[in-house]
Amino acid sequence: MVSATTVEAGVRCSCQDGLVGDGFANGLGCFKSCIKEGQEAYGGECDNSPKRSQRKLVIVAGVLAPVFILASLFLFLCILKRPVKSGAFDIDQAHYHSTMSFRKACRTRLFSYRELDEATRGFDDGQKLVDGTNGTIHAGVLGDGSHIAVQKVQCENERDQIHVLSRIELLSAVLHRNLARLLGCCIESGYTLMVGYEYPANGTLEEHLHNNSGQEFGLDWYKRLSIAAETASILAYLQCEISPPIFHHGLKSSGYIFLDVGFSVKVAGFALLCSSSTTGPLPQKNDVYDFGLLLLEIISGSKHSDMPSLALQKIKSGKLEEIVDPSLYYHEQPIFRREQIEIVADIATRCLLFGGDGKIRMVDVAKELFHLAKESTNGGSKKGSALEETFSNSSLLQMISMSPDSVHLPRIAGPV
């Protein structure tokens, strides 16, 4: 109860439940009363209306939104810098800098992946020349009509890639008439590098040795001997005249030997992942032994896996004629040509047996074949002049004594 004598005009006023005050509009009025955090509170401190909560949310969102945007941007940049898996284009910073430095220093043409893909018809199997330990090689035609052979080199990591790029640079600086000219490379396919060589119109030695469908593919003995001598000369040159030396590590396949219209040799398809700094007899052994296999293929026209053991048995027993390519008509050849075939067979045998021991080097083989091919030309052939020029323009001849005894290595004695 409120005393009428104490209120205005004798009117008694009161506030509703939950409100306190005198109830008069011109007085204190009515306002909220509540207990907050253990103490009595009044007015706005008791206001928990939805509008007030929404205002708080707007303020909080305004503060957090820029923070979220900045965090998202930072995360996106981190993802961009992360290296991608092998096989896709690698944007790792170290890889990026290595390829960019290669682009700046590269003296050869840089092909796009699309160029080589179109040239080889999508690397179709019908364009494949060879599939060996040194990688696959596909033949193709570029947009300007020039022929190219594309070697695919699969690298496992960035270190392999940098090594291959350095080998490409080294090879591109070598000028030799029997080395397939390096036209350029492609570094747009992640860790799969592609090397483009000139591809002469006469195809590969393998095609000529094993294609019996037409006479135009046949190789007489003189051509085979010249091919053997030129191949040995370029291998010896790369091992003795280039620093660091370059080894092929794959000439067991005649598909790596191209022939131009004059049947001059153009060697391609090097093992670019093999280290040039390998010590010991291994690099020499690989090339000398493989060259022995190649000589047997040139003599026999065959590349069966059992050819080495079969050939050694026939040569040892004096039955060389049984493995000679029938298209050479061994028994109809003059005596001096039959003797040449026997000498080349002997060289092949020594390459297989003694190459790994260092008893016969590629330069020894090249010198012996050079003299044999020169004798076959009778001094009047351009081929003989080219071989002589190859040797006279380098120091290879000075590495072996000019005496006849040092030219022909001892014949094999005893059991094979």
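Bear in mind that the values in this text are calculations on the coordinates, not laboratory data. Given the structure is predicted, the values throughout are model-derived calculations rather than measurements. As a convention, Cβ positions derive from the backbone with ideal geometry for all residues, glycine included, and neighbour counts pool all protein chains shown.
Table for the structure above
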quantity	calculated
Rounded, prolate or oblate (a/c below 1.5 giving rounded, otherwise prolate when a/b exceeds b/c) for segment 292-345 by Cα gyration tensor	prolate
Kirkwood hydrodynamic radius (C-alpha pairs) into Stokes-Einstein, segment 93-198, 4 °C and 1.567 mPa s, D in µm²/s	92 µm²/s
Fewest-first sequence of ASP131, ASP346, ASP290, ASP125 by Cβ atoms within 10 Å of each Cβ	ASP125, ASP131, ASP346, ASP290
Modelled FRET efficiency - R0 60 Å, GLU169 with ILE59, Cβ distances, 0.05 increments	0.45
Three-way shape label, segment 162-248, alpha-carbon gyration tensor, a/c 1.5	oblate
